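Undergrad: Following this message is one structure expressed as structure tokens.
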Amino acid sequence: MGEGGWSERARPEASTMVMAHPSLLRELVERCETLRRRLASGGSAETARQLKDATYTLCVVTRTRQLDTALYVARRQLADAMARRQPHH
């Protein structure tokens with residue numbers, strides 16, 4: 001049995017993954033990157049708070065716990081969404 005009493009096969013999140021809409025992912029990635037750059041170049045406490053909030057949201061929608069991981073996962077999901085939209089020849 002895995003975590004929470006679920007077997008790895010029966011575990012709900014293992015078989016069904018809810019993904020955020022690509023436009024939301026794109027917006028959050030851009031926001032986090034912009035705020036991180038702004039903070040690195042001497043941003044304010046307000047910038048730090050905004051980055052913390054945006055990071056939290058991106059981590060929730062990507063089911064991760066760290067900003068770099070969340071950005072990686074979000075970019076992969078965006079690339080996958082774009083690939084699905086391309087016509088297959």
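Undergrad: Be a star and scan segment 31-60 for residues whose amide nitrogen sits under 17 Å from the point 7 Å along the Cα-to-Cβ vector of Met82.
TA: 31, 33
Undergrad: What full-extension length gain, to one decimal in nm, is calculated for Ala45 and Arg63 as 0.36 nm per residue of separation minus the Cα-Cα distance?
TA: Stretched fully, the Ala45-Arg63 segment lengthens by 3.9 nm.
Here, each number is a calculation from the coordinates, and none is a lab measurement. Here the structure is a predicted model, which is why all the values come from computation and not from measurement. Every residue, glycine among them, receives a Cβ derived from its backbone with ideal geometry; neighbour counts consider all protein chains shown.
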